[in-house]
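S.K.: The structure follows.
The values are calculated or read from the model by the stated rules, or taken from the named source; none is laboratory data. Since this is a predicted model, take the numbers as computed values, not measurements. Cβ placement follows ideal geometry from the backbone for every residue including glycine, while neighbour counts extend to all protein chains displayed. For accessibility, only protein heavy atoms count, side chains too; no ligands or nucleic acids. Shrake-Rupley method; radii C 1.70, N 1.55, O 1.52, S 1.80 Å.
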Amino acid sequence: QVQLVESGGGLVQPGGSLRLSCAASGSIFRINTMGWYRQTPGKQRDPVAAMTTGGGTEYADSVKGRFTISRDNGKNTVYLQMNSLKPDDTAVYYCYLAQSGQIYWGQGTQVTVSS
């Protein structure tokens with residue numbers, strides 16, 4: 001089993017920044033992908049960014065140039081640096097880890113962008 005614990009959400013004004021963290025523990029394989037999805041009430045969960053253990057990254061078009069994903073493989077931790085935040089970025093952000101055909105999810109952290 002794998003457990004994921006997120007931190008770093010909160011309230012920020014438009015144009016501001018936040019950094020999310022997600023620490024994984026348990027039975028973690030050497031090769032995996034960690035990343036973030038987000039979800040607003042009544043909508044599906046959408047991908048935001050992902051990063052493999054090899055360093056490959058993917059971003060949703062809506063966050064390219066504003067968000068940066070990084071990870072510390074030694075600590076099994078992934079980060080999401082979010083800059084130039086917009087009200088449309090308001091959502092619950094979920095961390096995930098995918099390995100060997102299985103996906104594990106964190107509990108979610110609320111990000112609210114509002115003046």
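S.K.: Got a number for the accessible area of Asp46? Probe 1.4 Å, square angstrom, nearest 10.
M.R.: We get 70 Å² for Asp46.
S.K.: Let me ask you something else. Write down the accessible area per residue of the chain in Å², having rolled a 1.4 Å probe over the full set of protein chains.
M.R.: I get 53 Å² per residue for the chain.
S.K.: Give, in nm to one decimal, the length gained when the segment between Glu58 and Ala23 is fully stretched (0.36 nm per residue of separation minus the Cα-Cα distance).
M.R.: 10.7 nm
S.K.: What is the magnitude of the charge dipole of segment 11-89 about its Cα centre, with +1 placed on the Cβ of each Lys and Arg, -1 on the Cβ of each Asp and Glu, and no other charges, expressed in debye to the nearest 20?
M.R.: Here segment 11-89 has a charge dipole of around 120 debye.
S.K.: In terms of solvent-accessible area of protein heavy atoms at a 1.4 angstrom probe, what is the ranking of Leu18, Leu11, highest value first?
M.R.: Leu11, Leu18
S.K.: What is the spin-label model distance, in nm, from Arg30 to Lys75 if the labels are put 7 Å beyond Cα along the C-beta direction?
M.R.: Roughly 2.3 nm, to one decimal.
S.K.: So, one more: Normalising by the residue count of the chain, find the relative contact order in percent from Cα pairs under 8 Å and 6+ residues apart.
M.R.: Over the chain, the number comes to 37 percent.
S.K.: Okay, moving on. Can you give me the % of accessible surface on segment 1-71 that is carbon or sulfur? Probe 1.4 Å, all protein chains present, nothing else counted.
M.R.: After summing per-atom areas, the C and S share lands at 50 percent.
S.K.: Within the chain, what is the longest stretch that has no trypsin sites (Lys or Arg not before Pro) placed in a DSSP loop and near at most 13 other beta-carbon atoms within 10 Å?
M.R.: The segment 65-115 is the longest one with no such site.
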